[in-house]
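The values are calculated or read from the model by the stated rules, or taken from the named source; none is laboratory data. These figures come from a predicted structure and were not determined experimentally. FYI the Cβ positions are ideal-geometry reconstructions off the backbone, even for glycines, and counts take in every protein chain you see. Just so you know, the surface numbers come from the protein's heavy atoms only, side chains and all, with ligands and any DNA or RNA stripped out. Shrake-Rupley method; radii C 1.70, N 1.55, O 1.52, S 1.80 Å.
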Amino acid sequence: MASLTAPSGPAGPAPSVFYDAFSTRIYDPKGRVLQLEYALEASKKGGAAVGAVGGDLAVLASWTPRTSRRQAPAAQQAALGLWRGDAHVAVAGTGLATDILALVEVARHECLAHRYVHESPLRVGRLVTRLAQDVYDTERHRIVPYALDLLVAGYDSQGGPSLFKVGPAGVIESFRACAVGRRAEQGRAYLLGRLGEPQASEPGASHPGLRRLATMVLRALLMTIVEEEGRGGEGRDREEEHQSVEEDISMVVIGKEISYTPLIVAWDPHRRRMEVRIPAALAAVLEDEEWRSIDQADGSTPPR
């Protein structure tokens with residue numbers, strides 16, 4: 001009769017190798033749920049996502065490598081990275097692309113159904129609870145749990161901006177700044193160090209922290225992608241790495257007066273680094289002269 005426990009002993013190949021080898025009903029003699037541990041490892045293999053909350057804003061950025069895009073159907077490969085759950089909700093994830101797409105569809109369905117029945121947007125906390133319940137039920141009843149880490153950012157009229165993380169175990173965590181995926185610890189430490197000072201909106205000012213917050217999120221994301229100096233080569237090599245991932249980075253902002261709006265991430269040849277630029281339509285909404293000057297320098301004129 002076959003044993004119902006997974007073999008224990010010296011560490012073998014990487015846990016992600018055995019992601020499909022065991023079900024959640026097979027336990028280690030030490031009480032570990034091995035399949036869940038393998039899902040946690042697999043969630044770190046597919047790109048990176050970084051989010052932060054400041055003032056009345058929530059900014060979310062994602063990097064999806066081309067290898068992860070090939071896991072999804074051809075029609076959905078270009079959309080990988082960030083997803084619009086609703087006008088006030090953005091979703092990013094790392095791990096298996098097919099698992100992320102499945103939960104994104106759940107999030108969109110929940111938001112749409114709530115608007116149809118109640119004629120009001122679904123609160124972000126309630127949406128995250130629904131996603132976590134689906135992840136937890138899948139862990140219990142499905143052979144293989146979801147191998148992903150989700151970041152859900154949004155804005156509620158009652159609670160303001162928020163950022164949540166949902167892992168393979170169905171555990172919900174709330175953060176002011178968070179990073180998941182590849183080298184997430186470096187990005188998280190960078191954000192927490194930079195966000196030490198309060199970023200509450202000043203009276204009479206319109207979102208003064210947008211540029212600073214978006215720039216910090218981008219820097220944290222690049223830290224998770226490119227090796228640290230001393231291990232990533234010379235400065236020119238690092239510049240080439242930044243330019244090579246430019247097309248794979250997506251960024252979005254959600255706020256009190258801002259619905260789901262993508263930001264522009266591009267290589268600045270003059271400063272020789274990646275920069276965040278705001279679309280002209282959003283610059284007009286914010287009435288931010290500094291952002292307007294950036295867009296006008298690029299040749300576009302914000303609408304009056």
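Suppose we keep only residues that are among the small types (Gly, Ala, Ser) and over 13 Å from the mean Cα position of the chain (by Cα) within region 68-84. Which one would you say is modelled with the highest pLDDT? Result: SER68. The residues of region 259-275 that are touching a Leu at 6+ places or on another chain (Cβ under 7 Å) and either open to solvent by 10 Å² or more (accessible area, probe 1.4 Å) or aromatic (Phe, Trp, Tyr) (or both), listed by number, are THR261, VAL265. Residues in region 11-34 that are at pLDDT 55 or above and either within 10 Å of ALA147 (Cα to Cα) or basic (Lys, Arg) (or both): 3 in all. Can you pull out every residue in region 188-238 that is open to solvent by less than 80 Å² (accessible area, probe 1.4 Å), modelled with pLDDT of 85 or more and among the charged types (D, E, K, R)? Across region 188-238, the qualifying residues are ARG188, ARG211, ARG219.
Residues are listed down the side, and each one gets a yes or a no for (1) in contact with a Leu (Cβ under 7 Å, 6 or more places away or on another chain); (2) surrounded by fewer than 23 Cβ atoms within 10 Å (Cβ to Cβ); (3) part of a helix (DSSP H, G or I); (4) modelled with pLDDT under 95:
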site	(1), (2), (3), (4)
GLY93	yes, no, no, yes
THR98	no, yes, yes, yes
GLU105	no, yes, yes, yes
CYS111	yes, yes, yes, no
LEU127	no, no, yes, no
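Summed over region 144-166, the residues that are more than 12 Å from the chain's Cα centre (by Cα) and either open to solvent by 10 Å² or more (accessible area, probe 1.4 Å) or of a type in the set (D, E, K, R) (or both) give a count of 10. Residues that are of a type in the set (Gly, Ala, Ser) and more than 17 Å from MET216 (Cβ to Cβ) within region 166-183 comprise GLY167, ALA169, GLY170, SER174, GLY181, listed in sequence order. Of the residues making up region 173-185, those that are touching a helix residue (DSSP H, G or I) at 6+ places or on another chain (Cβ under 8 Å) and crowded, with 18+ Cβ neighbours inside 10 Å are ALA177, CYS178, ALA179, GLY181, ARG182, ALA184.
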